[in-house]
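Chemist: Let me begin by handing over the structure; questions about it come next.
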Amino acid sequence: MGSSANKPQLIVDGKRVSGRGFSDLRNLKITAGVLKKANGSAMIEWGKNRILAAVYGPREVFPKHMTDPRKALINARYVMAPFSSMEEHGRSGPNRRSIEISKVAKHVFENNVLVHMFPKTMININMDVLQSDGGTRVAAVTAASVALVDAGIPVRDLVQGVSIGKIEGTQVSDLDKDEDNYGESDMPAIVSLRTGEVLLYQMDGKLTRVEVDTALSMIFEGAKIVREKQVEALRAKYESNLSEARE
Ligand code: CDP
């Protein structure tokens, strides 16, 4: 949460400054199969966020001694490009935050990919943030889920997420950067609508028990919209493959 010294107003005349209603998501577009050389890929454009996800594998494990005879290893890598925001990202290598996000994304996909079908292999999931404006971890995992399916890797479900926050005492969906930085709380989560599971759940700031319950139901509501966009992206890719094959 940002300092309160230069805090911009986040709600004006009962509306968010962007004009969005409290549970409205930002504009969202997903495109599957944007890279020809990756096994699977997706580009997500969500508000001002632009994130590219690329999946490679299942393939031979490197380094070899990490090989697991029972299942595929999941490697997840989230990284922000040095030019992805106005903040200083001069050192584009991993930092504490990107290591944390990579780790939580890895846990999501270890519980989502049918890893036991591919023993002695690894699956690399790359999430590169090209432009960021709040909510990049949920956007990155949402894109990576599409990229995995685009790669033909069997998963339990498409997974998706939304970040729910509290600004000026009101709970709102899909925080942008100012709402994230100057709001009272930020709760990103990734869910599976098919199983009702919560695969990632983090929280910054404080919420009451009742607010956590409200946030969770807002996440599941938002996830339905996000899932539709994921399915649309995969369907468009599949249909373009079919028409290419016919030509
Ligand atoms: O992106 P997400 O909301 O998942 O993560 P955050 O740590 O809550 O960061 C919120 C936003 O602050 C990011 O989306 C970026 O726009 C910005 N940020 C940044 O530009 N550089 C950082 N090192 C950390 C955050």
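The values are calculated or read from the model by the stated rules, or taken from the named source; none is laboratory data. Owing to the predicted nature of the structure, the values given are computational and were not obtained by experimental measurement. No Cβ is skipped: glycine too gets one built from the backbone with ideal geometry, and neighbour counts run over all protein chains shown. Side chains included, ligands, DNA and RNA excluded: accessible areas come from the protein's heavy atoms. Shrake-Rupley method; radii C 1.70, N 1.55, O 1.52, S 1.80 Å.
Chemist: Take the Cα atoms of region 85-160, find their three principal axes, and give me the spread along each one in whole Å, biggest first.
Modeler: Sorted from largest, the Cα extents of region 85-160 read 42, 23, 17 Å.
Chemist: Leaving out ligands, DNA and RNA but keeping every protein chain, what accessible area does Leu200 have, in Å² rounded to the nearest 10, with a 1.4 Å probe?
Modeler: 10
Chemist: Moving on to the next point. Measuring from the lowest to the highest alpha carbon on each principal axis, how far does region 121-247 reach, largest first, in angstroms?
Modeler: 57, 32, 30
Chemist: Calculate how steeply helix 209-246 sits against the longest principal axis of the alpha-carbon atoms of the chain, using the helix alpha-carbon long axis, and give the answer as 0 to 90 degrees to the nearest 10.
Modeler: It works out to around 40 degrees.
Chemist: What number in nm² do you get for region 1-139 if you take the convex hull of its Cα atoms and divide its surface by four?
Modeler: Values: hull surface 43.3 nm².
Its Cα hull, projected and averaged over all orientations, spans 10.8 nm².
Chemist: Here is a follow-up. What number, rounded to the nearest 500 deg cm²/dmol, is the helix-based mean residue ellipticity at 222 nm of the chain, given -39500 (n - 2.57) per DSSP H run of at least four residues and division by all its residues? Could the numbers behind the result be given before it?
Modeler: Values: 4 runs with 74 residues, N = 247.
Calculated from helices alone, the mean residue ellipticity at 222 nm is -10000 deg cm²/dmol.
Chemist: Got a sec to turn the phi values of region 154-165 into Karplus ³J(HN,Hα) couplings, 6.51 cos²θ - 1.76 cosθ + 1.60 with θ = phi - 60°, whole Hz, x for Gly and Pro?
Modeler: Those phi angles translate into x, 10, 6, 6, 5, 10, 8, x, 8, 9, 10, x Hz.
Chemist: When you count, for each residue, the other Cβ atoms within 10 Å and take the mean per peptide, how do 98-108, 34-44 rank with the highest first? Don't jump to the answer; show the numbers that get you there.
Modeler: Working: 98-108: 17.8, 34-44: 19.6.
Answer by packing, highest mean first, reads 34-44, 98-108.
Chemist: Near Ala54, within a Cβ-to-Cβ distance under 12 Å, what is the net charge of the other residues, with Lys and Arg +1 and Asp and Glu -1? All intermediate terms of the calculation are to be shown ahead of the outcome.
Modeler: Working: positive: Lys36, Lys37, Arg77; negative: Asp128, Asp150.
Overall, the nearby charge balance is +1.
Chemist: Report the normalised scattering of the chain as log10 I(q)/I(0) at q = 0.08 Å⁻¹, calculated by the Debye formula with identical scatterers on the alpha carbons.
Modeler: These q points yield log10 I(q)/I(0) values of -0.31.
Chemist: Additional query: Quick one: helix 136-150 against the long Cα principal axis of the chain, what's the angle to the nearest 10°, folded into 0 to 90?
Modeler: Tilt relative to the chain: about 30 degrees.
Chemist: Loop only by DSSP, 16 or fewer other Cβ within 10 Å of the Cβ. Give me the trypsin sites (Lys or Arg not before Pro) in region 138-224 that pass, ordered by residue number. Write out the running numbers ahead of the final one.
Modeler: On the way: sites: Arg156, Lys166, Lys177, Arg194, Lys206, Arg209, Lys224; in loops: Arg156, Arg194, Lys206.
Those satisfying the criteria are Arg156, Arg194, Lys206.
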